[in-house]
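Since every read-out is calculated from the coordinates, none of them should be taken as a lab result. These figures come from a predicted structure and were not determined experimentally. Every residue, glycine as well, gets a Cβ built from its backbone with ideal geometry; the counts of neighbours run over all protein chains shown.
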Amino acid sequence: MMTGPWLLYGANGYTGELVARLAVARGHHPILAGRKADAICALADELGLPRRLFSLDDPKRVDEGLAGMSLVLHCAGPFSRTSQAMAEACLHTRTHYLDITGEVTVFEALAARDGEARDAGIVVLPGSGFDVVPTDCLAVHLKGRLPSARRLALGFEALGRVSHGTALTALEGMGRGGLVRRDGVLTPVPSAWRTRTIDFGRGPRKAITIPWGDVSTAWHSTGIPQIEVYMAAPWPLRLFSRASRALGPLVSAGWSQRLLRQQVLAGPRGPSPTERQRGRAWVWGEAEDDRGRRAVSRLRTPEAYTFTARASLAALERVLAGEAPEGFQTPASAFGPDFVLGIEGVERHDDSGAPA
Ligand SMILES: NC(=O)c1ccc[n+]([C@@H]2O[C@H](COP(=O)([O-])OP(=O)(O)OC[C@H]3O[C@@H](n4cnc5c(N)ncnc54)[C@H](OP(=O)(O)O)[C@@H]3O)[C@@H](O)[C@H]2O)c1
């Protein structure tokens, strides 16, 4: 395995720490980085790894922080606040950029820098976690099964708790409504705009549309012009999501964001090791063309944070081995639809009715 020098930024976060521990178990020797000296040094000492301490506020310091690196795996989010500074430094220093974002605005901002990334000779690969590796790979797989597809619906049902970072990132987006892709264009829709009954692999579930990363990435990886993403949602969540249409300005207000943030931070950092081990996720996709032909496929994956650590490292290893094209990439545009099948614990099933 090729292991150029690489840096893990946000290593003290819940997901960053999972990635750091798994990286060591897989024989990597990353530099751990972040802005909180105590937390980064404690983890680096425990794992016997080098460290670099810098915040993302001063561009010169970020460039220096990446000196000599082949790649950065960026795990510090919300990425709406961190991605631009890191991507900028990667372009200056010609360092491959990988992250674990699921934020549509971040994908779109990075896609717009495709030309600069190619000029710099680097790979820019956001979304190398649960959001969007499984859904992106399923999207490209479905496009392969039904090349004439014009409509794509993707979705997931995940069991288990979310981390502070995921909850705070979702909190930032609350009150902004939903997003779908319509005729190739990102189009705002109300929160929980559509409800559908979907069998993700465990029987029918009610699911609502959410502004998940694939409304950006699946367009880049498949060119299918109509895209919606669904999440299984029990009735209280469906009710809350619909209510948030009217409550939008209220939940976006500074004081209520501060209050909700406190609530999030008062809870556990993320799933416990037992919850991670027991958790699972089911991912579903449906492609349809203008003649009504349909193809449906499903994935079963490990728990979302375990999956994120495994998938981001698998992507990183392929980039370091020179197996990803330069420029902006989605996971499946970089490595193809079967990339997800190489991640431990993942199974894929196609509905037997062949599209015809
Ligand atoms: N794609 C996926 O499926 C997936 C999976 C897991 C996580 N995520 C995303 O990854 C992000 C992190 O999640 P987490 O669970 O690790 O959260 P977390 O435990 O709250 O950790 C957040 C990390 O980001 C750092 N950070 C936050 N804002 C920063 C800033 N402005 N400058 C520098 N560092 C900053 C924090 O550093 P400090 O300690 O110094 O604040 C910490 O290291 C979230 O956005 C989450 O949505 C995505």
Restricting to the chain, what percent of DSSP beta bridges are antiparallel, rounded to 5?
60
Within a Cβ distance under 15 Å of GLU317, other residues only, what is the Lys/Arg minus Asp/Glu net charge?
+1
By the gyration tensor of its Cα atoms, with a ≥ b ≥ c the square roots of the eigenvalues, what is the shape of region 157-277: rounded for a/c under 1.5, prolate for a/b over b/c, or oblate?
oblate
Please say if region 1-122 is rounded, prolate or oblate, where rounded means a/c under 1.5 for a ≥ b ≥ c the square roots of the C-alpha gyration tensor eigenvalues, and otherwise the choice is prolate for a/b larger than b/c and oblate otherwise?
prolate
Ranked by how many other beta carbons lie within 10 Å on average, peptides 223-232, 121-130 from highest:
121-130, 223-232
For the chain, the longest principal axis of the Cα atoms and the Cα long axis of helix 133-145 enclose an angle in degrees, to the nearest 10, of 50
Summed side-chain charge close to SER55 - residues other than SER55 whose Cβ falls under 15 Å, Lys, Arg +1, Asp, Glu -1:
+1
Degrees between helix 164-173 axis and first principal axis of the chain (Cα, 0 to 90, nearest 10):
60
Given C-alpha coordinates of region 300-356, what is the ratio Rg to Rh with the Kirkwood estimate of Rh?
1.05
Distance between region 1-38 and region 69-107 - C-alpha centres, whole angstrom:
15
Gaussian network model of the chain, springs between alpha carbon atoms under 10 Å - residue of THR306, THR95, THR197 with greatest fluctuation
THR197
Of the residues ARG238, ARG300, ARG258, which exhibits the maximal mean-square fluctuation in a Gaussian network model of the chain defined by a 10 Å Cα contact cut-off?
ARG258
Counting each DSSP H run of 4 or more residues in the chain as -39500 (n - 2.57), what helix-only mean residue ellipticity at 222 nm follows after dividing by all residues, to the nearest 500 deg cm²/dmol?
-12500 deg cm²/dmol
Once each part is reduced to its C-alpha centroid, what is the distance from region 237-284 to region 110-133 in angstrom?
28
Environment charge at SER83 (Cβ cut-off 12 Å; Lys +1, Arg +1, Asp -1, Glu -1):
-2
If a/c stays under 1.5 just call it rounded; otherwise compare a/b with b/c (prolate if a/b is bigger, oblate if not). Do that for region 240-328, with a ≥ b ≥ c from the square roots of the Cα gyration tensor eigenvalues.
oblate
With N residues in region 138-181, what two-decimal value do you get for its Cα radius of gyration over 2.2 N^0.38 Å?
1.64
